[in-house]
Amino acid sequence: MSARLIDGKATAARVLAEVAGDVAALKARGIEPALAVVLVGSDPASQVYVRNKVLRAGEVGIRSLEYRLGAEASAAEVLEVVEGLNADASVHGILVQLPLPAHISETQVLQAIDPAKDVDGFHSENVGGLSQGRPVLTPCTPAGCMRLLRDTLGDLAGKHAVVVGRSNIVGKPMAALLLAADCSVTVLHSRSVKPQRLCGQADIVVAAVGRPRMIDADWIKPGAVVIDVGINRIEDDGRSRLVGDVDSDAVQPVASAITPVPGGVGPMTIAMLMHNTVTAARQQHS
Ligand code: GUN
């Protein structure tokens, strides 16, 4: 068996086409969806992500605003930007790119964002809504993974899903979404005992640990569907390249379907951000 590659680029293009249609409909009502992106410091990966978010917004007709602050910016300065955007009725979505410099509390900044404009879905009000089964703005990467899983498997009810990693950005909201889709969910983390054995029982594996190629064939049940959220830059034979958290070459003969890196989950994250921006704009004008 060789796993089918799940084409995140193609699915993201479909989502973006839907979003472009929604944007056009909002504009016909006199509403121009707008997304503000705040970047603090000069982390190279964050700069690439922010550039791609702004580019994609333009492609679907969403107005974007970029706020760049130096790495030495104070928490008060970042909060001032967020509060200004909260108060600006022409801005529907606010995204503060993470990680923030170590001297700034991410929690304090994320909690300062108006939950109605929280297109990342990281504010505790949105986290609470998701965990209680009434999601409004859902974290983009897990939402993108769900779309890929539904396209691949259809109904997910009754499947055993294993999420490897328990971050606030991916692991925990991913588990909540899978549970809301009636999966039986196991979350594995650095203190899990015999994680391979637990993971080896899963119909669905979502890997979000940030460790290059950690998950090999021993972790995967034959026929499982594998979603690889990791984007890790490694040096390979003197060449720099991106690999996932899954050892794709080893796992492909075992799994039934797997997302490639790059071209799997990555494009979906940005597509779902655009989707959330439209949802936020619609709700603010309802
Ligand atoms: N850094 C890595 N992933 C994300 C994300 O989904 N949103 C934000 N704001 N920052 C990130």
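Just to confirm my numbers, what's the Cα centroid distance between the range 149-167 and the range 203-258 in Å? If we compute the Cα centre of each part, the gap is 16 Å. Each of the peptides 269-275, 174-180 was scored by the mean count of other Cβ atoms within 10 Å over its residues; in descending order, highest first, they stand as 269-275, 174-180. For Val54, what is the net charge nearby, where nearby means another residue's Cβ is under 15 Å from its Cβ and Lys, Arg count +1, Asp, Glu -1? Value of the local net charge: +3. Using the alpha-carbon positions of the range 139-266, Rg (one decimal) and Dmax (whole number) come out as 13.5, 45 Å.
Counted over all Cα-Cα pairs of the range 145-201, pairs farther apart than 15 Å make up 47 percent. Taking other C-beta atoms within 10 Å as the exposure proxy, Arg150, Arg282 rank Arg150, Arg282 from fewest upward.
Projecting the alpha carbon convex hull of the range 84-144 along each direction and taking the average yields 4.6 nm². Indicate the gyration tensor shape class of the range 1-93 (rounded, prolate or oblate), computed on the Cα atoms with a ≥ b ≥ c the square roots of the eigenvalues: a/c under 1.5 is rounded; otherwise a/b larger than b/c is prolate and the rest oblate. Cα axes put the range 1-93 in the oblate bin. Normalised by the number of residues in the chain, the average gap of Cα pairs under 8 Å and 6 or more apart makes the relative contact order 23 percent. Residue order for Ser184, Ser2, fewest other beta carbons within 10 angstrom first, comes to Ser2, Ser184. Dividing the C-alpha radius of gyration of the range 20-162 by 2.2 N^0.38 Å, with N its residue count, gives 1.14. Placing a pseudo-label 7 Å from each Cα along the Cα-to-Cβ vector at Ala250 and Gln111 gives an inter-label distance of 4.1 nm. P(r) tail, the chain: Cα-Cα pairs separated by more than 34 Å, 20% of all pairs.
When restricted to Cα atoms, the range 193-244 yields an Rg and a Dmax of 12.4, 37 Å, respectively. One chain, two ends: Glu235 and Glu59. Fully extended at 0.36 nm per residue, the span grows by 60.1 nm beyond their Cα-Cα distance.
Each residue of the range 74-90 was assigned a 3J(HN,Hα) from its phi angle through the Karplus curve 6.51 cos²θ - 1.76 cosθ + 1.60 (θ = phi - 60°); the sequence is 7, 4, 4, 5, 5, 5, 5, 4, 4, 5, x, 6, 4, 7, 8, 5, 7 Hz, with glycine and proline shown as x.
A short reminder: the numbers here are calculations on the coordinates, not readings from a lab. Quick caveat, the model's predicted, so the values are computed rather than measured. In this analysis, Cβ positions are derived from the backbone assuming ideal geometry, glycine residues included, and neighbour counts consider all displayed protein chains.
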